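Below: one structure, written as structure tokens.
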Amino acid sequence: MAHIIGVVNQKGGVGKTTTAINLGAYLAEHGKYVLLVDLDPQANASSGLGVSYQDLDKGIYEALIGRHLVREIVMPTGIHGYRIAPSTQALAGANVELVDVDRREFRLSDALHEVKGDYDVILIDCPPSLGILTINGLVASDHLLIPVQAEYYALEGLGQLLNTVSLVRENIKEELNILGAVLTMYDKRTRLSGQVMQELYQHFPNKIFRSTIPRNVRLSESPSHGLAISQYDPLSKGAKAYSKLAREVLDILDE
């Protein structure tokens, strides 16, 4: 059965989708069968892997409301063993439309149940918010990976996310585990990056990935080409960082 990892931070611009896309790519490079679920109405994970989501007539929203099975919406990514359940424009209204739906917090968990045996890892790219879609992502996940940007306001709002995780544990899913936090846009030459790392250790003792994701132009360019960094520039610093992160994640999951 697949390990389901939610990639989550309600703060935007922290490298969450970049992490979801490229972690998935390198997990596949390491021989795992991986599904990336694009749960963000902005559909950046879908476009970042070359999916023209504007032209799709079905995606993860249709799976959430039971109109299609997840197996009917998944698409290839161009990387062996790596597939995506894309977002569509219909997902933008889900925060309102799911409010009165039966088992609204469990819609994604229920939808993914049929494919848990098809993959080794399922990654969920959660929206940069704490609405019903993100709650669905948390409830469906076994583990959470939290990208944190190496900048002054990095930890702003992190307490709110951790409170939400605690509420989900107390009321819905006691076994929800924080896999760890990964520092993104890291520049070892600046004192600020070191300070953010120290503060992270206070929030997540023994839960900080050794891999740090650097600021890297090639990482920023690759989504515009619809490619993971492993396809776009496998020798770049960003590619090497995500390859290392994937190995770390696998080491933890295999424990």
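Miscellaneous remarks
- Identity of the residue in segment 1-46, farther than 19 Å from D254 by Cβ and of a type in the set (V, I, T), that ends up surrounded by the most Cβ atoms within 10 Å (Cβ to Cβ): V37
- For segment 173-231, filtered to residues that are under 30 Å from R103 (Cα atoms), free of Cβ contacts under 8 Å to residues at least 40 places away in the same chain and in contact with a Leu (Cβ under 8 Å, 6 or more places away or on another chain), the residue that is surrounded by the most Cβ atoms within 10 Å (Cβ to Cβ) is A181.
- Unique residue being modelled with pLDDT under 90 and more than 26 Å from E248 (Cβ to Cβ) when the list is A150, A94: A94
- Among the residues here, S129 does not qualify as modelled with pLDDT of 95 or more, of a type in the set (S, T, N, Q) and either part of a helix (DSSP H, G or I) or on the phi < 0 side of the Ramachandran plot (or both).
The values are calculated or read from the model by the stated rules, or taken from the named source; none is laboratory data. Every value quoted in this text rests on a predicted model; they were computed, and no experiment measured them. Virtual Cβ from ideal backbone geometry, glycine too; neighbours counted across all protein chains shown.
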